[in-house]
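Below is one structure, written out as structure tokens, with a few remarks after it.
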Amino acid sequence: MKKQPQDNATTDGRRTPALTGDAIRNHYDRFASAYRFYWGDHLHHGLFRSGQERPREAQEALLRYCAARAGLRPKSQVVDVGCGHGGTARFFASEYSCSVLGLTISQAQWKLACRLSRSLRGPGSVRFELADAEVYPFPASLFDLVWNMESLGHFFHKEDYFAKVAGALKPGGRFLLADWTGSMKHLRVRQIAEAFLCPDLLTADQYSQTVQSAGMTVVCCETLTPDVARTWDICAKRLRTTNWLLTLLPRRFRAFQNGVELMREGFRSGQLDYTVLVAEKPV
């Protein structure tokens, strides 16, 4: 992974101070097993529409919802950028018969994804690469869908990355962004960015403008905040019931509990949103 500049926060708080790409990679290397313990196969929010969903059901409901918004078709070529330990890649291979490339900067996640995917059988396929997506040499015009679910917050150069996405998509291919969004002008949003190792966060409008500047057309941009916010209530409950485990983990992960409360406050206050954006490469 390339090293990133350790710049201080600007006057409007646009960037988290002293954060590097190595710090992000090391975090996920150290806590890959802990994340799987708390989240299961999928490292992302759940979609709670009825209120009766179990966490895994809600997480898969979010995948299906976003896949539908992105127009995912069977047997598509998909790249899952920031694939964690491969839950989404396996889901798309099994449920949609897709061929999926998963990228992660974490060697621990990469090893876990490869191990968990060995028993995968069916018409779809998965493979994983240990790579920094910001410098990864994406093949030109290969993918039907570039999928970024809750990974873009870690990126340092989003504008450059979106240009790479546009080049990697087939004509008519689509880009899916699903992530928390908010203005770094708010102190709480800056605190969330720092807690979750994000150089900065953008608003939905900022993402839309940046994606369009890269030559893609935004076909959908919506907020799912009320339907996903319960994710953090569940996370807080799990942390409370496993305090014994937190005492065994390094201090950096114990501080994550404070980040969970910041997320809950961010969603409740309206300063943080959960945005789903779909953009298309012109034919």
Between the alpha-carbon centers of region 177-198 and region 68-141, tell me the distance in whole angstrom.
26 Å
What ³J(HN,Hα) values, in whole Hz, does the Karplus curve 6.51 cos²θ - 1.76 cosθ + 1.60 give for region 212-219 when θ = phi - 60°, with x put for Gly and Pro?
5, 5, 7, x, 9, 9, 6, 10
To the nearest Å², the heavy-atom accessible area per residue of region 165-283 with 1.4 Å probe amounts to 44 Å²
Taking a probe of 1.4 Å and leaving out DNA, RNA and ligands, region 28-163 shows per residue an accessible area in Å² of 43 Å²
What share of all Cα pairs of region 165-224, in percent, falls into each consecutive 5 Å distance bin?
4, 16, 25, 19, 17, 12, 5, 2, 0
Can you compute the FRET efficiency between Gln271 and Arg118 using 1/(1 + (r/R0)^6), with r the Cβ-Cβ distance and R0 = 41 Å? Round to the nearest 0.05.
0.45
On each of the three principal axes the extent of the alpha-carbon atoms of region 76-231, given in whole Å and largest first, is 47, 33, 31
Hey, could you pull the Cα Rg and Dmax for the chain, both in Å?
17.7, 55
Amide H to amide H, which residues 5 or more places from Cys220 or on other chains are under 5 Å from it, using H placed in the peptide plane?
Val278
Considering only protein heavy atoms and a probe of 1.4 Å, how much of the accessible area of the chain is carbon and sulfur, as a whole percent?
49 percent
In whole Å, largest first, the alpha carbons of region 15-124 cover along the principal axes 41, 33, 27
Taking H as built 1.01 Å from N, whose amide H comes closer than 5 Å to the amide H of Gly102, not counting residues under 5 places away?
Asp80, Arg127, Phe128, Glu129
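Sum up the charges of everything whose Cβ sits under 10 Å from the Cβ of His85, counting Lys and Arg as +1 and Asp and Glu as -1, but leave His85 out. Write out the running numbers ahead of the final one.
Numbers: positive: Arg36, Arg90, Lys111, Arg115; negative: Asp41.
Residues close to His85 contribute a combined charge of +3.
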Normalised by the number of residues in region 142-283, what is the relative contact order in percent for Cα pairs under 8 Å and 6+ residues apart?
36 percent
With contacts defined as alpha carbon pairs under 8 Å and 6 or more residues apart, what's the relative contact order of region 71-157 in percent?
37 percent
Applying the Karplus parametrisation 6.51 cos²θ - 1.76 cosθ + 1.60 with θ = phi - 60° to the phi angles of region 259-274, what ³J(HN,Hα) value in whole Hz is obtained for each residue in order, glycine and proline being reported as x?
x, 4, 5, 4, 4, 4, 5, x, 5, 5, 6, x, 7, 10, 10, 10
For region 162-283, the Cα gyration tensor yields equivalent-ellipsoid semi-axes (√(5λ), largest first, whole Å) of 32, 15, 14
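Hand me the trypsin sites (Lys or Arg not before Pro) from region 116-147 located in a DSSP loop with no more than 14 other Cβ atoms within 10 Å, in residue order please. Before the final figure, lay out each step's value.
On the way: sites: Arg118, Arg121, Arg127; in loops: Arg118, Arg121.
Sites meeting the loop and neighbour criteria: Arg118, Arg121.
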Output the relative contact order of region 29-132, whole-number percent, from Cα pairs under 8 angstrom with separation of 6+ residues.
25 percent
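The values are calculated or read from the model by the stated rules, or taken from the named source; none is laboratory data. Computed from a prediction, not measured in an experiment: that's the story for all the values here. Note that each Cβ is placed from the backbone with ideal geometry, even for glycine, and that neighbours are counted across all protein chains shown. Calculation scope for accessible area: heavy atoms of the full protein, side chains included, ligands and nucleic acids excluded. Shrake-Rupley method; radii C 1.70, N 1.55, O 1.52, S 1.80 Å.
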